[in-house]
Amino acid sequence: MSTPLVSVIVPSYNYADSLSVCLRSVAEQTYPAIEVLVVDDHSTDDSVAVAEAAGVRVIALSDNGGCGRARNIGVAHASGEILFFLDADVAMAPDAVAEAVALLEAEPRIGAVCGIEDPEPLLHDTLVARYRGLQYHHWSISGEGDVTFLFPAMCAIRRTVYDEVGPFNPALRQTEEVDYGYRISRRHQLRLTSRVRGRHDHDHQLVPLLRKLFHRARLRIPLYARARRFATGFETASRAWGSLAAAAALPAAALPALFGPVWLIAPLALVAGSVAVDQQMYLLAYRRRGARFLMFFVAVHFLVNVTITAGIGVGVLQWLLSRPFRQLYDSTFPVEVTA
């Protein structure tokens, strides 16, 4: 049986710092049949020079169009039977491509395979990056199996499935992966597995992380309103309730001043409830980093929960008031790809 060619497609925008590590991890793959395409999304740093120095094919775009469009353009230039999307801030384990191909060959009903990121940050080892690495790893590993949420940082998809489902929607800048996950999982199994591993250069500053999570929560509302369910594999109803409980603790903190100290139990109970819905995640943080880091982790995740709730609230208002926002995911497919 012939070895299928795998096209590793790396969309990149201003990731010069991590791109060399990313491409080195591709060069160190045990799988023998790989072509590499870096699609530079009009970077203003040295990303193109870094990619060219690594000896890979570079497609430099004349304007910035987002990850979805960059992936689509990479596919248009790819020759592989299997497409492996790899974010420029991710370094794969040496057997990542081989494991993904093995899963696709062993189970024909699987249309795409997504990997799980290790909890340790790739480059920036700040407290925020440690938080994000542990949080993202736990949420991913707890959803391992068949999912409806695409994890495009490390994702292998059959070319035939991509052609059938159509390209990523280039109009979606921060939620294209959720949209694409729904589209694939309606027709094929979408597998999230720890057999495909890598390390991610996670967000390492708090404000940019919170800003990203706010907008992602806001922009998911029209999709979830249409689908009438959460994506499986990452976001769960219990985590949604945990976010709401954390946000409710803020106004509840005024109750002791208004009605007496006995009412302190209300905000404390809400915070405890928020922690309880994901207690295994907090235990992981404690086991990995100790008690002092756990205190930091709890505080940051509280802010994350409040931010997500705020994003959902703003998204609901936009959905009620804006017809274009309600129609955000109603585009027809396939979408035309232009280089």
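The values are calculated or read from the model by the stated rules, or taken from the named source; none is laboratory data. Note that the structure is predicted; figures quoted are calculated from it, not measured. Don't worry about glycine lacking a Cβ; one is built from the backbone with ideal geometry, like all the others, and counts go over all protein chains shown. Please note that ligands, DNA and RNA were not included when accessible areas were found on the heavy atoms of the full protein model with its side chains. Shrake-Rupley method; radii C 1.70, N 1.55, O 1.52, S 1.80 Å.
Restricting attention to segment 54-69, the residues being crowded, with 23+ Cβ neighbours inside 10 Å and within 27 Å of PRO119 (Cα to Cα) number 2. The set of residues in segment 241-255 that are surrounded by fewer than 17 Cβ atoms within 10 Å (Cβ to Cβ) and of a type in the set (A, V, I, L, M, F, W, C) comprises TRP241, LEU250, ALA253, ALA254, LEU255.
Within segment 248-262, the residues that satisfy the criterion of being without any contact (Cβ under 8 Å) to a residue 24 or more places away in the chain, within 24 Å of ALA310 (Cβ to Cβ) and either in a helix (DSSP H, G or I) or in contact with a strand residue (DSSP E or B) (Cβ under 6 Å, 6 or more places away or on another chain) (or both) are ALA248, PRO251, ALA252, LEU255, PRO256, ALA257, LEU258. The requirement of being open to solvent by 30 Å² or more (accessible area, probe 1.4 Å), over 28 Å from ASP179 (Cα atoms) and either touching a Ser or Thr at 6+ places or on another chain (Cβ under 7 Å) or assigned to a helix (DSSP H, G or I) (or both) is satisfied by GLN280. Is at least one residue of segment 69-86 at pLDDT 95 or above, of a type in the set (Lys, Arg) and more than 17 Å from GLY198 (Cα to Cα)? For segment 69-86, residues at pLDDT 95 or above, of a type in the set (Lys, Arg) and more than 17 Å from GLY198 (Cα to Cα): present. Of the residues screened, PHE230 is not one that is open to solvent by 30 Å² or more (accessible area, probe 1.4 Å), farther than 20 Å from LEU86 by Cα, among the aromatic types (Phe, Trp, Tyr) and at pLDDT 95 or above. For GLY315, the stated conditions hold: it is assigned to a helix (DSSP H, G or I) and at pLDDT 95 or above.
Looking across LEU258, LEU270, one residue alone is at pLDDT 95 or above and either out of contact with any Gly (no Cβ under 7 Å at 6 or more places or on another chain) or open to solvent by 50 Å² or more (accessible area, probe 1.4 Å) (or both). It is LEU270.
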